[in-house]
1. Hey, could you check the stretch 27-82 for residues that are touching a Gly at 6+ places or on another chain (Cβ under 7 Å) and among the aliphatic types (A, V, I, L, M) and say which is farthest from residue 244 (Cα to Cα)?
2. Take the stretch 95-106 and flag every residue that is open to solvent by 50 Å² or more (accessible area, probe 1.4 Å), assigned to a strand (DSSP E or B) and at pLDDT below 95.
3. Could you give every pair whose Cβ atoms fall below 6 Å, whose first residue belongs to the stretch 199-210 and is over 18 Å from residue 30 (Cβ atoms), and whose second residue is β-branched (Val, Ile, Thr) and open to solvent by 20 Å² or more (accessible area, probe 1.4 Å), counting only separations of at least 6 or pairs across chains?
4. Do you know which residues across the stretch 138-158 are under 23 Å from residue 182 (Cβ atoms), of a type in the set (Gly, Ala, Ser) and open to solvent by 30 Å² or more (accessible area, probe 1.4 Å)?
5. Could you pull out the residue among 110, 123, 92 that is surrounded by 15 or more Cβ atoms within 10 Å (Cβ to Cβ) and either under 14 Å from the mean Cα position of the chain (by Cα) or closer than 23 Å to residue 246 by Cβ (or both)?
6. Suppose we filter the stretch 250-260 for residues that are part of a strand (DSSP E or B), open to solvent by 30 Å² or more (accessible area, probe 1.4 Å) and farther than 26 Å from residue 183 by Cβ; how many remain?
7. Go through the residues of the stretch 7-14 one by one and say whether even a single one is surrounded by 15 or more Cβ atoms within 10 Å (Cβ to Cβ) and at pLDDT 95 or above.
8. Does residue 70 meet the test of being hydroxyl-bearing (Ser, Thr, Tyr), open to solvent by less than 40 Å² (accessible area, probe 1.4 Å) and more than 30 Å from residue 125 (Cβ to Cβ)?
Amino acid sequence: MSPPRRALARGAALAALALAAPAYADGAADPPSFDRPGIAFSTGTLPRGGFAWEQGLPDVERDRSGGVRSTQYSADTNLRLGLTDTLEVQIATSPYNYLRESGNGARRSAHGGGDTSLALKLALPSSNDKFSWALLGSATVATGARDFSDGRDRYALGATVAYDFDDATSGSLYLNVERSGGIEAWTFSPSLSRAFSARWGGYVEAGWTRTAHAPDTGVAGVGLTFMATPKIQLDASLDAGLNDASPDWQGGVGVSLFFD
C-alpha cells in the first residue's frame, strides 16, 4: 500500500499461507464466529482464552464527489480475546491507511494511522437454538492522522439478532447508535447468509445510516467467505452506494485467524 501495492503483496502472501494449510476436514468442528466481513458483527463470541486476529488486506473505499475522485486503502485490524464463553474484549484500529485524491486540476495523497477503539461483546442467553443475539459496546479514541480521523472521540452501542431458518440459511438484523461531539448517528442493516458447503459461504446485505444535520447514507452489497482451514477464513466483499451522500464503492479482501 507503491503503498497500496505493498499492502496487496502482504495480503497475497498471507492468503497463500492460508491456502497451503491442511485441508478442511468434512468432520471438523464448527468454525469460530468471525466478525468480518459485513456491516454487522456476528452473534457468537470466542471461547474463554480464545484469540482471533481479523485483518483487511486491504479494505477499500472509492468515491467521486464535487469533481474529486478519492480512493482509500485501509489495513483494518480487529483483535479479539474471549474472557468467558459469552464475553470478549476487542481492540480495533487501522494502523496504516493510504488516501489518493484527484480532480479540479490537482492531485494529492496522504498516509497514516486511524483511530483506535476498545469494545466489549456480550452474547445474550436464548432458549431457542435457532435464535441468537449479542451486544457490542465500544469507545473510540481519536488517535488517527488528520486525514483519517475527525479528531473526536466516539462511543457506540450495537446489537445483532440472528435466526437460523435451516442448517444452511440464516438472517440477521443489526442496529447501532454512535455518539460523537454531541451528534448521534443510527445505523440499521439487514442481511441474509447462506452456507454453500462446509467451506464456502456468502451473504447479501444493506445498510442505512441517519446522522443529525447530515444527509442519510445507504449501501447494499454481497460478500463471500472461504474456510481455508477450520481456523482460517478468507473473505471478499463489495457494497455499492445507494445515494449521492454514500461512498460509490466500499469493500475489500481479508483474512481471519483463530487461536485457541
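1. If we take residues in the stretch 27-82 being touching a Gly at 6+ places or on another chain (Cβ under 7 Å) and among the aliphatic types (A, V, I, L, M), then 46 is farthest from residue 244 (Cα to Cα).
2. 106
3. Sorted first by the residue in the stretch 199-210, then by its partner, the pairs are 204/222; 205/39; 207/39; 209/187; 209/217.
4. 138, 139, 142, 151, listed by residue number.
5. Of 110, 123, 92, the one residue that is surrounded by 15 or more Cβ atoms within 10 Å (Cβ to Cβ) and either under 14 Å from the mean Cα position of the chain (by Cα) or closer than 23 Å to residue 246 by Cβ (or both) is 92.
6. 3
7. no
8. On the way: hydroxyl-bearing (Ser, Thr, Tyr): yes; open to solvent by less than 40 Å² (accessible area, probe 1.4 Å): yes; more than 30 Å from residue 125 (Cβ to Cβ): yes.
Yes: the conditions hold for residue 70.
The values are calculated or read from the model by the stated rules, or taken from the named source; none is laboratory data. Owing to the predicted nature of the structure, the values given are computational and were not obtained by experimental measurement. With ideal geometry, Cβ positions are generated from the backbone for all residues, glycine too; neighbour counts draw on all protein chains shown. Calculation scope for accessible area: heavy atoms of the full protein, side chains included, ligands and nucleic acids excluded. Shrake-Rupley method; radii C 1.70, N 1.55, O 1.52, S 1.80 Å.
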